[in-house]
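Everything below concerns the one structure shown next.
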Amino acid sequence: MATAESELDSPYAELLDRRKRISNVQNAGMVLYWDQQTKMPEGGTPARAKQLGALQSIGHELLTDERTGELLEALEAEELDDEQAAVVREVRREYDRAVAIPNDLVERISETSSESQPAWREAKAEDEFETFAPYLDRLRDLHIELAEHVDPEEDPYVVMFEESEPYLPLSRVEEIFDELREGLIPLIEDVHENGADIADDAFAGTFDPEDQEVLCRDALDLLNYDWDRGRFDTAPHPFMSGTQFDARVTTRYHDHDFVDPLTATIHEFGHATYQLGLRDDAYGTPLGEPRSSGIHESQSRFWENHVGRTKEFWELFLPTVTERFPEFEDVTAEEAYEAANQVFTDNMIRVEADELTYHMHIILRSEIEQEFVAGDLDVDDIPARWNELMEEYLGIVPETDSEGCLQDIHWTSGFASFQNYTVGSVLAAQLWATIEEEIEDPEKLIREGNFTPIREWLTENIHEQGQKYTTDELIEEATGEPLTAEYFLDYVTEKYGDIYELD
């Protein structure tokens, strides 16, 4: 920390110690969640739900304890440096929100979330939305109840969004969505109607999951993933879980596609890089924790798209691909680049979508969530509404709910978080534009496999800042201007115009 605890007034030192204990309880729950998604036998769900619920309850009790409030009040009269003030600001925000929520509601939400996950997996596997629907309905009601406790005067959906992105107004995100609709829909149509033929089948084939795992590990090695502080596993839905001391990556495999598991792995590597770049000396405090979900997604989308989908990366990595899959020894780096960036005409799955259609997936989910939370859409009508918006935005209709409204696990954890994937993509492009100005020839660095300068820039400007700044402040500190969709739209227009030879 910037100032030794011995030099601090006792209320701050005590608050810091209390916050660290709360963080440790939360991080223990994170390890249990990781185990539930990767290793736990299916029959363990009833006990795991209770375990996670208990940890959530303990953390909530520590945070909302009367002593926490007394310490915060005492610190209002103290002279604090910038880092101390940031810690107090963040704990105050957490406290004010949590103290309004009954402890039993926190426990009920955690238990219902854990119980809903195997129901979602079964519903997806069996293509039976009705298996998951009762849990989804219950979760909606519980999260609305929570939002009404936090701020009974505000739209519950806005309150939900503020949980993961507290300093970026939902109204600003919706303005960005409007800009993306205006810019992306014509570009997607132009690609489909006028785009040149590209090597979209360059990597056609059938692939053993074990071979795909080896290739993904090769990519993690190439990107300098810290195996001493991480591991790599499979999960029904790719995710990263961890801290600056232990950031674990997962992916999933497909019989007929190794590119998607590869880019998903690089995506989760981006999340892990953020976690591992947080300050070790600030562990357990807001200064050693990620700023927000949107900022986190900017790191994963940065590494997935601005590194892993570049021509330079495929020039570097293609020899490794052909070593693992010799049948592709005649594929050129240009063809590999095109295959990794094809704009799909019929892609149903968000996590497998290209950089253009991806955001239509996000926008339709956000609209459905808002209608569902507002009570304008019954749970049983979600599949039909999903298909309706898929046809409107992407011109396709899923044949099953498994590849439609059941494809993502996210609703088992709550609502109003999908927006952050698009926030992350937009910010990633803005960060890349800044890096191009501040680092000499970053494309050359990627081609050479020298990722250190790029990672160090991100660590210095994003990771090590923790929660010192609010979201909007952090973006301006890093890039010199507020969040804007301009760089993303310029980036995809130039990139895909070049790939598809558009006028």
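The values are calculated or read from the model by the stated rules, or taken from the named source; none is laboratory data. None of the values given here were measured: they were computed from a predicted structure. No Cβ is skipped: glycine too gets one built from the backbone with ideal geometry, and neighbour counts run over all protein chains shown.
Restricting attention to the range 275-334, report how many residues are crowded, with 18+ Cβ neighbours inside 10 Å and either of a type in the set (Gly, Ala, Ser) or under 20 Å from Leu356 (Cβ atoms) (or both).
Count: 23.
Within the set of pairs 6 or more residues apart or between chains, which connect a residue that is on the phi < 0 side of the Ramachandran plot inside the range 196-224 to a residue that is among the basic types (Lys, Arg) with Cβ atoms less than 8 Å apart?
From residues that are on the phi < 0 side of the Ramachandran plot, the pairs are Asp211/Arg324; Val214/Arg324; Leu215/Arg324; Asp218/Arg324.
Filter the range 152-179 for residues that are crowded, with 19+ Cβ neighbours inside 10 Å and part of a loop (DSSP other than H, G, I, E, B); which is nearest to the chain's Cα centre (by Cα)?
Filtering the range 152-179 for residues that are crowded, with 19+ Cβ neighbours inside 10 Å and part of a loop (DSSP other than H, G, I, E, B), the one nearest to the chain's Cα centre (by Cα) comes out as Glu165.
Any residue in the range 264-278 that is assigned by TED's automatic domain parsing to the domain that holds Asp201, in contact with a Lys or Arg (Cβ under 8 Å, 6 or more places away or on another chain) and among the charged types (D, E, K, R)? Steps first, answer last, please.
As a first pass, look at the range 264-278 and keep what is assigned by TED's automatic domain parsing to the domain that holds Asp201: 264-278.
Then keep just the ones that are in contact with a Lys or Arg (Cβ under 8 Å, 6 or more places away or on another chain); that gives 264, 267, 270, 272-273, 276-277.
Then keep just the ones that are among the charged types (D, E, K, R); that gives none.
No - not one qualifying residue is present in the range 264-278.
Name the single residue, out of those in the range 456-479 being in contact with a helix residue (DSSP H, G or I) (Cβ under 7 Å, 6 or more places away or on another chain) and not in a helix (DSSP H, G or I), that is surrounded by the fewest Cβ atoms within 10 Å (Cβ to Cβ).
Tyr469
Name the residues in the range 163-182 that are under 29 Å from Ile101 (Cβ atoms), touching a residue at least 24 places away in the same chain (Cβ under 8 Å) and among the charged types (D, E, K, R), would you?
Glu163, Glu165, Arg172
Within the range 202-227, restricting attention to residues that are among the charged types (D, E, K, R) and within 19 Å of Glu456 (Cα to Cα), which residue is farthest from the chain's Cα centre (by Cα)?
So, considering only residues that are among the charged types (D, E, K, R) and within 19 Å of Glu456 (Cα to Cα), the one farthest from the chain's Cα centre (by Cα) is Asp221.
So in the range 445-455, with the set limited to residues that are out of contact with any Pro (no Cβ under 8 Å at 6 or more places or on another chain) and part of a helix (DSSP H, G or I), which one is nearest to Thr434 (Cα to Cα)? So that I can check it myself, show each step before the final result.
First, the residues of the range 445-455 that are out of contact with any Pro (no Cβ under 8 Å at 6 or more places or on another chain): 446-452, 455.
Imposing the further condition that a residue be part of a helix (DSSP H, G or I) reduces the set to 446-448, 452, 455.
Details: Ile446: 16, Arg447: 19, Glu448: 21, Thr452: 16, Arg455: 14 Å.
Out of the qualifying residues, it is Arg455.
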